[in-house]
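Read the structure below first, then the notes.
The values are calculated or read from the model by the stated rules, or taken from the named source; none is laboratory data. Computed from a predicted model, the values in this text were never measured in an experiment. Please note: Cβ atoms are built from the backbone with ideal geometry, for glycine as well, and neighbour counts cover all protein chains shown.
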Amino acid sequence: MKTPVRVGLIGLGFMGTTHFRIYQAHPLARVTAVADVDPAKRRGDVSAVKANIGEGDNTEPMDLTGLQVYEDGLDLIRDPEVDLVDICVPVYLHHSFALAALAAGKPVLCEKPLARTAKEAREIADAAEQAGVPCMAGMCVRYWPEYAHALELVRSGAAGRVRSAAFKRISPDVDGNSWQNWFMQESLSGGALLDLHLHDVDFVRQLLGMPQSVTAFGVRGIRSDHGIDHVMTRYDYGDGTLVTAEGSWAPPKTTPFEMSFQIICENMTLRFASDGYRILHEDGRIETPSPTKPGMPTGWHVEIDHLLDSLSNGRAPQMPLDEVVEAIQVVEAEAESIETQQTVNLSSKER
Ligand SMILES: NC(=O)c1ccc[n+]([C@@H]2O[C@H](COP(=O)([O-])OP(=O)(O)OC[C@H]3O[C@@H](n4cnc5c(N)ncnc54)[C@H](O)[C@@H]3O)[C@@H](O)[C@H]2O)c1
């Protein structure tokens, strides 16, 4: 029986409470400390937490008995009973906490999008590399069972060449769902463009590599102060493949959350939508695989399991941060494309 990884969790909002409950049920983890600036959360009262991707609220009180409870995340990082620092605070705070944890030599799980800008994300990636300390970004869609399954079918060659791929991530309005409404301030969250759409950008990058250029269309300030709340982008690979992604948190709160894809390949089409996951073969066969593993209903569970398994076995988790930095660079190119109403060439940009 392996010794559980001692976890310190900074930020007990929607994602922090989600991670907390996953660690609690995991044999390779023991949460030893939590930190939050909100006194109610430090008492375990998370009744104000709202789900922001339509997966249900995490408002059941948290039992923090026996844990060290800090107001300042830096105190948690200094706690000798903490082996792994899990950062679930608003995006604009990721950079400082991640750098502090890495400087202390502690492995990090930092929620997506790793940092508010590609420059800050690069600094985190460089700090992790220089310190030789594992640092994983919470790019949970990489671990979402249907996405991971589809990626493997393409990467293995079984699906054949990708001819077109379309992705959607549409959330109901998240105004009022975050601590001090930080989602609604572009300078803090990056708007739906960074916070939400990044998942699909990262997946596109995983599937096909860096695009040569992007052409994006977007609308600012539908819900947030002036963030891009709805985006549609074409990723050009210079070979005729048609790749698009749409991201939004603009529809009203009554709208169901949607994440979906349709990847049309030479041998098969991979479809994931609210009616399930299907593989439609060119020879007429239809498969309905269930790639979800028992006890791991979401990508968050798979992601954390991978991290704990890696750390327990003395391995670094498989999450090259360079890839995440590149995905944020693509998002920034999309913002530039929306602003200038021009196609933005990525191959000429410095990485
Ligand atoms: N992977 C996913 O699917 C997913 C989904 C939602 C959110 N997220 C990410 O998770 C992170 C947190 O988002 P959220 O939805 O949980 O936000 P939230 O507003 O629900 O929670 C943020 C928490 O951080 C606390 N906090 C604020 N400043 C702090 C500080 N200086 N020190 C300690 N605690 C502080 C707040 O009190 C709050 O409890 C963001 O990076 C977000 O993009 C990821």
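Annotations for the structure displayed:
- Residue within the stretch 144-163 that is among the β-branched types (V, I, T), within 30 Å of K106 (Cβ to Cβ) and touching a residue at least 24 places away in the same chain (Cβ under 8 Å) present: no
- Looking only at residues in the stretch 21-44 that are within 11 Å of the ligand (Cβ to nearest atom) and without any contact (Cβ under 8 Å) to a residue 60 or more places away in the chain, the one that is nearest to Q180 (Cα to Cα) is V37.
- Residues (of a type outside the set (F, W, Y), out of contact with any helix residue (DSSP H, G or I) (no Cβ under 7 Å at 6 or more places or on another chain) and modelled with pLDDT of 95 or more) located in the stretch 2-24: P4, R6, G11, M15, G16, T17, R21, Q24
- Per-region count, the stretch 46-61, residues more than 11 Å from the ligand (Cβ to nearest atom) and either at pLDDT 95 or above or not hydroxyl-bearing (S, T, Y) (or both): 3
- Elements of type helices (runs of 4 or more DSSP H) contained in the stretch 77-186, each with 2 or more residues being within 11 Å of the ligand (Cβ to nearest atom): 94-103
- Complete set of residues in the stretch 1-20 that are assigned to a strand (DSSP E or B) and within 11 Å of D36 (Cβ to Cβ): L9, I10
- Residue that is at pLDDT 95 or above, of a type outside the set (F, W, Y) and assigned to a helix (DSSP H, G or I), where the choices are A333, A250: A333
- Per-region count, the stretch 187-209, residues more than 29 Å from A48 (Cα to Cα) and either away from the ligand (no atom under 12 Å from the Cβ) or modelled with pLDDT under 95 (or both): 8
- Per the listing R223, R271, the residue uniquely charged (D, E, K, R) and without any contact (Cβ under 8 Å) to a residue 24 or more places away in the chain is R271.
This table checks each residue for (1) more than 21 Å from A100 (Cβ to Cβ); (2) surrounded by 17 or more Cβ atoms within 10 Å (Cβ to Cβ); (3) over 17 Å from the mean Cα position of the chain (by Cα).
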| position | (1), (2), (3) |
| --- | --- |
| T3 | yes, no, yes |
| G13 | no, yes, no |
| G16 | no, yes, no |
| R43 | yes, no, yes |
| P61 | yes, no, yes |
| L64 | yes, yes, yes |
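- Where a residue in the stretch 304-332 is closer than 12 Å to M136 by Cβ and its partner, wherever it lies, is of a type in the set (S, T, Y), with Cβ under 8 Å and at least six apart: I304/Y23; H306/Y143; A316/S310; P317/S310; Q318/S310
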